[in-house]
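Novice: I am attaching a structure below and will ask some questions about it afterwards.
The values are calculated or read from the model by the stated rules, or taken from the named source; none is laboratory data. All of these numbers come straight from a predicted model, not from anything done at the bench. Cβ: placed from backbone, ideal geometry, glycine included. Neighbour counts: every protein chain shown.
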């Protein structure tokens with residue numbers, strides 16, 4: 001029972017982990033990307049479109065291509081969204097909050113529009129896109145997982161994207177804290193004028209980190225459709241997971257390694273109502289609020305403790321002008 | 001042929017628009033030498049050094065490093081020629097450690113090894129006698145430690161020519177002594193050092209030669225050993241120029257404002273006002289002279305009730321009720337109602353007092369919005385006030401509904417000063433009201449101040465131009481480092497006298513008293 005709950009929690013948490021890792025990388029460059037929910041939708045629908053067209057074009061799926069095509073489509077789609085965000089906020093210095101919110105609305109719209117219309121391309125009676133064949137490949141487990149009892153359930157029972165999420169978070173954490181690139185990136189987010197004076201290309205760092213961050217976040221959307229939802233696209237099915245991943249960024253105080261544990265905790269809070277017997281709908285909704293409550297608590301605690309390391313990057317949300325006389 | 005001269009500038013000229021920041025400046029600094037660049041505010045010291053460090057590009061003139069002609073077009077070039085500049089405002093990332101800040105931006109083929117870097121930093125600190133913990137975070141550091149990080153930053157990059165922009169401005173006397181010891185060690189190891197300063201005693205105790213700039217012009221270079229304070233002061237402030245500003249005799253003067261031993265410590269813990277006492281009389285213009293940032297702003301804000309005072313009192317003799325009131329216990333609004341007006345013209349003209357996006361009428365209402373009785377705005381009287389100011393002060397504007405930020409600087413200042421005068425004050429404080437104005441506008445402002453003086457207002461005028469202060473003011477108070485270094489009569493004082501008082505800082509006074517002047 002406990003093993004199943006943990007398993008469900010990890011699966012719930014994975015999209016959040018992708019989203020928050022991507023957002024942390026972006027925020028470390030000083031950009032608050034509120035477009036993450038929209039980017040995750042676009043990532044998902046791009047992957048779905050790629051998989052759908054590939055499934056339609058051939059009767060026999062090549063397992064490698066079945067994974068590779070949606071993956072690449074997802075990365076390109078979400079990176080393109082990141083690029084739009086960068087162009088507006090870095091190059092044109094538009095307001096980051098407004099740009100991000102616009103991208104979210106735009107991205108969700110794109111997702112729902114193509115999610116609803118792709119199905120019209122083929123003559124079927126099914127009401128929504130179902131990519132069960134591709135999904136099965138995405139969900140392939142390590143062969144010996146089911147022979148290991150609860151241990152296998154907790155650690156080895158997931159599709160490969162779950163492990164990718166954790167590895168990406170760990171790599172991000174390492175890069176941010178232990179490498180020169182990470183040092184430079186953090187300096188850009190903390191004090192772009194200092195970075196500029198030290199000869200760091202501020203614009204380049206902002207673009208690269210935001211685009212890579214968007215691509216990572218997009219994978220969260222892909223994981224949700226292909227793995228968690230068994231390849232079934234339903235409009236608005238992704239729900240508020242995008243916002244939850246932004247909340248997770250704050251919860252994990254801008255540390256990707258902490259956000260691995262945070263994502264599992266958020267996932268746990270998300271699934272726990274299903275395992276409480278005789279729960280009413282209203283209580284269930286109260287439970288769904290918990291991640292946000294926890295995030296607010298973290299915000300309150302870090303603000304009270306006022307430790308500099310636990311604060312957002314100092315120039316988060318501010319456009320950078322090189323001062324000229 | 002390698003020469004002993006590390007850096008030489010020949011006939012450097014730089015203009016910003018129509019303002020000449022540097023005109024035919026020629027200086028040179030040898031290896032193992034400390035050169036001071038001395039000058040008042042706005043004399044072009046920092047501009048000159050910014051050209052050496054690649055931030056600006058000179059309009060004409062030549063630069064030589066080790067005797068070879070060079071072009072420095074960017075900070076990167078300067079770095080390649082081993083020139084390192086330590087700015088007055090530190091460029092450091094707060095949440096990083098000292099070591100992280102020092103290596104920031106460096107490209108290193110040998111990978112990223114923090115322990116290795118820390119070892120190298122330790123070598124530098126040991127060599128020159130710095131006191132620094134490489135793992136300490138910047139936000140936990142004092143100003144002097146931050147400066148140390150900045151200096152090590154340029155040394156770490158292998159700089160041979162170091163330029164320090166007013167390095168002692170933010171330091172305590174003890175820290176200054178420490179810094180000078182370090183600089184002397186660097187001189188011994190053959191580095192060429194340039195310090196920009198306006199403190200005479202530092203120049204005399206530290207440097208080998210002094211180059212003097214005045215209003216962008218290069219006056220000359222002298223050997224420190226062959227000069228003295230009064231010669232340097234004369235080079236720095238120049239001869240008096242007559243401006244023909246009219247000055248009437250004060251009439252019926254009485255003490256309006258008595259400031260008694262006020263002390264103020266700012267948020268960084270620096271004492272910005274130190275036992276300041278003076279009296280402002282009605283029908284008189286009291287000038288305040290001093291190097292920028294010596295406490296002028298805090299002093300005026302203290303009187304207006306905007307600055308928290310640690311100690312002392314500000315007594316106001318109310319001419320209407322003939323009573324004496326202590327302004328320290330009052331809120332800024334109460335102080336304003338007594339007739340004390342502050343027309344502060346800060347570095348950015350719109351920063352204090354006016355809202356750029358609002359039009360002239362709305363800005364007039366900023367001072368009178370409390371008078372309204374109904375819930376709706378009454379724009380009639382502020383509108384006529386705006387029209388009156390535009391008319392009287394010859395403000396150039398398309399209409400009263402033009403946003404203030406679209407006006408030129410001079411017109412903005414006229415509106416600000418005009419609005420404060422319109423409320424018939426008893427005390428009028430104006431800080432740098434003519435900064436950036438052309439001659440005609442400046443005279444309009446002088447006339448306004450004179451007019452107020454004749455009406456019996458106690459005028460306090462903070463100015464930069466000593467010639468103006470000497471012709472406009474009845475008395476001139478000089479402050480240096482938050483202390484009053486002297487109050488002189490505007491009619492008899494000389495420029496040199498004021499110049500000397502200005503460059504006298506608090507720590508020097510203490511040293512004078514103690515008799516132990518740290519000198520080599």
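Novice: Are any residues in the range A:290-317 under 20 Å from residue A:32 (Cβ atoms) and part of a helix (DSSP H, G or I), and if so, which ones?
Specialist: Matches in the range A:290-317: A:291, A:292, A:295, A:296, A:298, A:299, A:300, A:302, A:303, A:308, A:309, A:310.
Novice: Another one. Starting from residues that are outside any helix (DSSP H, G or I) and either closer than 30 Å to residue B:75 by Cβ or out of contact with any helix residue (DSSP H, G or I) (no Cβ under 8 Å at 6 or more places or on another chain) (or both), keep the ones in the range A:148-203 and report whichever is farthest from the other protein chains (Cβ to nearest Cβ).
Specialist: For the range A:148-203, the residue satisfying everything is A:201.
Novice: So which of B:32, B:54 ends up being surrounded by fewer than 22 Cβ atoms within 10 Å (Cβ to Cβ), touching a helix residue (DSSP H, G or I) at 6+ places or on another chain (Cβ under 8 Å), more than 14 Å from chain A (Cβ to nearest Cβ) and not in a strand (DSSP E or B)?
Specialist: B:32
Novice: When the residues of the range B:68-82 are filtered to those that are surrounded by 13 or more Cβ atoms within 10 Å (Cβ to Cβ) and more than 14 Å from chain A (Cβ to nearest Cβ), which remaining residue is farthest from residue B:170 (Cα to Cα)?
Specialist: Residue satisfying both the conditions and the ranking: B:70.
Novice: If you scan the range A:257-268, which residues turn out to be in contact (Cβ under 8 Å) with a residue 24 or more places away in the chain and closer than 20 Å to residue A:300 by Cα?
Specialist: A:259, A:262, A:263, A:265, A:266
Novice: Need at least 3 residues that are modelled with pLDDT of 85 or more and surrounded by fewer than 22 Cβ atoms within 10 Å (Cβ to Cβ) per element, so show me which strands (runs of 3 or more DSSP E) inside the range B:446-520 make the cut, counting only ones lying wholly within it.
Specialist: Here the list reads B:483-489.
Novice: How many residues does the range A:28-66 hold that are over 21 Å from residue A:116 (Cα atoms), at pLDDT 90 or above and either in a loop (DSSP other than H, G, I, E, B) or under 17 Å from the mean Cα position of the chain (by Cα) (or both)?
Specialist: Residues meeting the conditions: 9.
Novice: Follow-up question, since we're still on this one. Can you find a residue that is assigned to a loop (DSSP other than H, G, I, E, B) and either more than 14 Å from chain B (Cβ to nearest Cβ) or modelled with pLDDT under 90 (or both) anywhere in the range A:267-276?
Specialist: Yes: the range A:267-276 contains one or more residues that are assigned to a loop (DSSP other than H, G, I, E, B) and either more than 14 Å from chain B (Cβ to nearest Cβ) or modelled with pLDDT under 90 (or both).
Novice: In addition: So, in the range B:103-122, how many residues would count as being surrounded by 10 or more Cβ atoms within 10 Å (Cβ to Cβ) and either under 21 Å from residue B:79 (Cα atoms) or within 8 Å of chain A (Cβ to nearest Cβ) (or both)?
Specialist: Count: 9.
Novice: Right, something else. For a quick check of your reading: which helices (runs of 4 or more DSSP H) sit entirely within the range B:354-433 and have at least 3 residues that are touching a residue at least 12 places away in the same chain (Cβ under 8 Å) and in contact with a strand residue (DSSP E or B) (Cβ under 9 Å, 6 or more places away or on another chain)?
Specialist: It comes to B:409-422.
Novice: How many of the residues in the range B:134-147 are away from chain A (no Cβ under 13 Å) and in contact with a helix residue (DSSP H, G or I) (Cβ under 7 Å, 6 or more places away or on another chain)?
Specialist: The qualifying residues number 3.
Novice: OK, next. Kindly provide the set of residues from the range B:83-101 that are more than 10 Å from chain A (Cβ to nearest Cβ) and closer than 13 Å to residue B:146 by Cα, ordered by number.
Specialist: Residues satisfying the conditions are B:86, B:88, B:97, B:98, B:99.
Novice: Is it fair to say residue A:297 is more than 14 Å from chain B (Cβ to nearest Cβ), farther than 12 Å from residue A:251 by Cα and surrounded by 11 or more Cβ atoms within 10 Å (Cβ to Cβ)?
Specialist: So residue A:297 fails the test.
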